[in-house]
Amino acid sequence: MTIKTRFAPSPTGHLHVGNIRTALHNWMFAQKEGGTFLLRLDDTDAERSKEEYVNAIRADLAWLGLASDEEQRQSDRFDRYEEQRMKLKADGRVYPAYETAQELDLKRKIQLGRGKPPIYDRAALTLTSDEIAAFEAEGRKPHWRFKLDHGTPITWTDRIRGDQNFDPALLSDPVIRRENGSWLYMLPSAIDDIDMGITHVVRGEDHVANTAVQIQMFHALGAKEPEFAHEALLVGTEGKLSKRLGSLGVSSFREKHIEPQAIVALLARIGTSDPVEPIADVQQLIASFDFSRFGRAPARFDDEELAQLNQKIVHLLDYEDVKSRLPEAMDAESWAVIRPNLHDMGDVGQWWKVVTGPIILPEISAEDKEFLSAAHGTLEGLEASDDLWKQLTGALKEATGRKGKPLFMPLRQALTGLDHGPDMNSLLLLIGRDIALARLATASS
Ligand code: GLU
């Protein structure tokens with residue numbers, strides 16, 4: 001069997017970190033199994049779906065490296081949904097209902113007031129043809145419900161949650177199409193999963209009850225249900241579903257100079273029994289992907305953990321990975337020197353400026369100025385070479401008797417303007433003998 005997964009966002013907003021995690025897991029599983037990954041745009045809501053969000057979703061997935069093998073849109077498939085609704089109608093599995101939203105609301109309130117679960121009472125099934133004719137004469141249009149089969153218990157073995165059981169009598173017959181002809185999520189999704197050959201549905205556990213209903217839809221449509229994996233939800237460090245996570249997406253990651261590899265490495269592992277590790281090679285993450293490692297407890301998303309992981313990932317990136325984002329004159333050698341000092345890629349410019357100048361000198365004492373003047377003289381007498389820093393500091397140690405911090409710190413300050421930073425051996429090579437001479441001259445004057 002060829003595995004096929006899908007990521008099915010509604011293009012009514014930007015992807016947030018929770019959606020990204022779901023997309024990632026679907027993609028990883030398909031990659032691992034040599035299957036295909038479908039991007040399905042659930043754009044049945046014509047008013048709220050926007051082309052701008054469709055484009056943003058595609059761009060975000062591309063940035064994360066989650067290429068889809070196929071793309072489908074629900075708005076292209078309304079005829080197909082209607083065709084299947086007619087079939088289900090002929091089989092007695094969908095029925096029209098005429099209650100208004102207010103009437104349904106009132107029913108629910110009464111049920112709740114009596115301590116009963118607010119399950120739809122199927123009053124529409126007992127309407128007489130006269131009553132229906134009266135509604136139609138009034139201009140009322142029906143919405144359509146899927147009739148659950150109360151006689152068949154719903155069970156499945158979830159790849160994450162294990163054996164699941166639902167009593168269909170405890171669920172409301174879901175509305176599948178509104179009065180105005182627009183489609184709700186449930187039925188189109190099941191029809192698509194069948195038509196598009198989806199073998200595994202990986203989504204958040206907020207869809208578990210939907211799955212129970214959809215399993216009966218698959219069967220009513222003459223299909224076998226796919227496998228399901230419902231993952232525990234993502235929560236913030238405060239341990240709750242937070243509003244903030246709901247608005248955290250690719251644009252905020254990019255603003256904070258978070259690398260896609262860091263997000264992928266984090267979201268691949270949080271909520272699983274595998275440790276979060278700085279793995280920049282996604283193939284390695286794919287190889288270890290396994291639903292049996294997913295826990296039932298919520299996955300915790302921690303910005304601090306992401307920032308730290310990001311730093312470690314940056315330290316693993318090759319020149320070729322980052323070349324297009326580096327200052328033009330920065331070569332592989334400069335990258336190798338600067339890379340270990342980066343918190344994130346946003347720091348590159350600052351360190352490159354240390355190489356190219358101009359630098360801003362700190363306050364330098366008269367005593368240090370004298371020392372730096374000696375350093376200038378020493379450097380003048382040395383040829384450019386790979387161990388220039390060693391030669392310079394060796395000679396100065398001899399000549400001045402300084403060692404340790406009093407020897408190194410004034411030099412670092414004079415050459416970089418800073419009291420910390422990349423290894424001076426390598427940095428001096430990037431700065432070059434001539435510029436170093438000029439900086440020492442300035443600092444000692
Ligand atoms: N459009 C649905 C959502 O975003 C898809 C859920 C599913 O994966 O079936 O929640």
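Filtering the range 197-214 to residues that are within 12 Å of the ligand (Cβ to nearest atom) and polar (S, T, N, Q) leaves N210, T211, Q214.
If only residues of the range 203-248 that are in a strand (DSSP E or B) and open to solvent by less than 50 Å² (accessible area, probe 1.4 Å) are counted, the one that is nearest to D193 (Cα to Cα) is F228. Out of all the residues in the range 177-196, is one or more closer than 21 Å to K147 by Cβ, more than 13 Å from the ligand (Cβ to nearest atom) and either crowded, with 20+ Cβ neighbours inside 10 Å or aromatic (F, W, Y) (or both)? Checked against the condition, which is being closer than 21 Å to K147 by Cβ, more than 13 Å from the ligand (Cβ to nearest atom) and either crowded, with 20+ Cβ neighbours inside 10 Å or aromatic (F, W, Y) (or both), the range 177-196 yields at least one hit. Considering A443, A414, A438, A375, the condition of being open to solvent by 40 Å² or more (accessible area, probe 1.4 Å) and small (G, A, S) is satisfied by A438 alone. A count restricted to the range 17-51 and to residues that are of a type in the set (S, T, N, Q), part of a helix (DSSP H, G or I) and either closer than 27 Å to F78 by Cα or open to solvent by less than 10 Å² (accessible area, probe 1.4 Å) (or both) stands at 3. Scan the range 152-179 for residues that are in a loop (DSSP other than H, G, I, E, B) and out of contact with any helix residue (DSSP H, G or I) (no Cβ under 8 Å at 6 or more places or on another chain) and the total you get is 5. Scanning the range 90-134 for residues that are farther than 22 Å from N180 by Cα and either in contact with a Ser or Thr (Cβ under 9 Å, 6 or more places away or on another chain) or not in a helix (DSSP H, G or I) (or both) yields a count of 9.
The values are calculated or read from the model by the stated rules, or taken from the named source; none is laboratory data. Predicted, not measured: the structure shown is a model, and the values here were computed from it. Cβ coordinates were reconstructed from backbone atoms using ideal geometry, including for glycine residues, and neighbour counts include every protein chain displayed. These area figures cover heavy atoms from the full protein model, side chains too; ligands, DNA and RNA do not enter into them. Shrake-Rupley method; radii C 1.70, N 1.55, O 1.52, S 1.80 Å.
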